[in-house]
1. Conditions first: (1) touching a residue at least 40 places away in the same chain (Cβ under 8 Å); (2) in contact with a helix residue (DSSP H, G or I) (Cβ under 8 Å, 6 or more places away or on another chain). E118 passes all but one, so which condition is the exception?
2. Select from the range 23-42 the residues that are part of a helix (DSSP H, G or I), out of contact with any His (no Cβ under 8 Å at 6 or more places or on another chain) and open to solvent by 50 Å² or more (accessible area, probe 1.4 Å) and list them in ascending order.
3. Applying the selection to the range 18-37, what residues are of a type outside the set (A, V, I, L, M) and in contact (Cβ under 8 Å) with a residue 24 or more places away in the chain?
4. Does S136 fit the bill of being at pLDDT below 95, among the polar types (S, T, N, Q) and closer than 26 Å to A52 by Cβ?
5. So, A69, is that one assigned to a helix (DSSP H, G or I) and over 17 Å from D34 (Cβ atoms) or not?
6. Being of a type outside the set (F, W, Y) and within 12 Å of the chain's Cα centre (by Cα) is the filter here; which residues of the range 100-128 pass it?
7. Exactly one condition in (1) of a type outside the set (G, A, S); (2) under 30 Å from T200 (Cβ atoms); (3) surrounded by fewer than 21 Cβ atoms within 10 Å (Cβ to Cβ) is not met by T9; state its number.
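The values are calculated or read from the model by the stated rules, or taken from the named source; none is laboratory data. Note that the structure is predicted; figures quoted are calculated from it, not measured. Don't worry about glycine lacking a Cβ; one is built from the backbone with ideal geometry, like all the others, and counts go over all protein chains shown. These accessible areas exclude ligands, DNA and RNA; they are computed on the full protein's heavy atoms, side chains included. Shrake-Rupley method; radii C 1.70, N 1.55, O 1.52, S 1.80 Å.
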Amino acid sequence: MSSFIVGLTGGIGSGKTAASNRFAKLGIGIVDADVISREVVEPGTEALASIAAHFGKSLIQADGQLDRAALRQTIFADPNAKTWLESLLHPLIAKHTIEQLDEIQSTYALYVSPLLVEVKQQTFCQRLVVVDVPESLQLARTIERDNNEQAQVERIMASQASRETRLAAATDVIDNTTGFVDLDLQVSRLHQQFLALAGTYK
């Protein structure tokens, strides 16, 4: 296991995946909370059965997969539903996260999570990178990417930590407003910094 863990977070539409993909190309092992959150509700899992029992089988698609868009609409319309779902999934996601981090063999590990600041996961990270863009750009990118209504995206953004809160928690910031060339340069610079820090970390 890599003993040096770098957390990477950012609001919806900020470009976390674009940044993490670049770290992966540099040979860094990635653990992605979004990927894990899909794995724990795959067909046949106890979590998916619990969701169907709680919210109704209408959230299960014909192929047995969870209708994530319908679930997202449900929980953002009902705070109690969101709380119930988080109490079910967060412990499972945490368990799988630790297991996957244990398997990382690169000099440092990158843990990507949209809720890293909200649920205090930065406590087990030696550095915290925030991918930052203005909220207006988050909104525009997410509407275009997910074909969601503006009101729904705004609710999702409101449920996440504010831009100011994320930046206050950050040890490092990636400005993702200026294009892929600049993103490559910023990731490369941070990668070299983290390699050096990991080499001296005890």
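1. Among (1) touching a residue at least 40 places away in the same chain (Cβ under 8 Å); (2) in contact with a helix residue (DSSP H, G or I) (Cβ under 8 Å, 6 or more places away or on another chain), E118 violates only (2).
2. The initial filter retains those residues of the range 23-42 that are part of a helix (DSSP H, G or I), namely 23-25, 33-39.
Next, from what is left, pick out any that are out of contact with any His (no Cβ under 8 Å at 6 or more places or on another chain): 24-25, 33-35, 37-38.
Across the range 23-42, the qualifying residues are K25, D34, V35, R38.
3. If we filter the range 18-37 for residues that are of a type outside the set (A, V, I, L, M), which is where we start, we get 20-23, 25, 27, 29, 32, 34, 37.
Result: S20, R22, F23, G27, G29, D32, D34, S37.
4. Considered against the rule, which asks whether it is at pLDDT below 95, among the polar types (S, T, N, Q) and closer than 26 Å to A52 by Cβ, S136 comes out as no.
5. Details: assigned to a helix (DSSP H, G or I): yes; over 17 Å from D34 (Cβ atoms): no.
So A69 fails the test.
6. From the range 100-128, those of a type outside the set (F, W, Y) are 100-107, 109-110, 112-123, 125-128; that's our starting set.
Passing the criteria: L110, V112, S113, P114, L115, L116, V117, E118, V119, Q121.
7. Among (1) of a type outside the set (G, A, S); (2) under 30 Å from T200 (Cβ atoms); (3) surrounded by fewer than 21 Cβ atoms within 10 Å (Cβ to Cβ), T9 violates only (3).
One line per residue, one yes/no per condition, for (1) among the charged types (D, E, K, R); (2) modelled with pLDDT of 90 or more; (3) on the phi > 0 side of the Ramachandran plot; (4) in contact with a His (Cβ under 7 Å, 6 or more places away or on another chain):
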| site | (1), (2), (3), (4) |
| --- | --- |
| L85 | no, yes, no, no |
| K95 | yes, yes, no, no |
| E103 | yes, yes, no, no |
| T107 | no, yes, no, no |
| S113 | no, yes, no, no |
| T123 | no, no, no, no |
| L128 | no, yes, no, no |
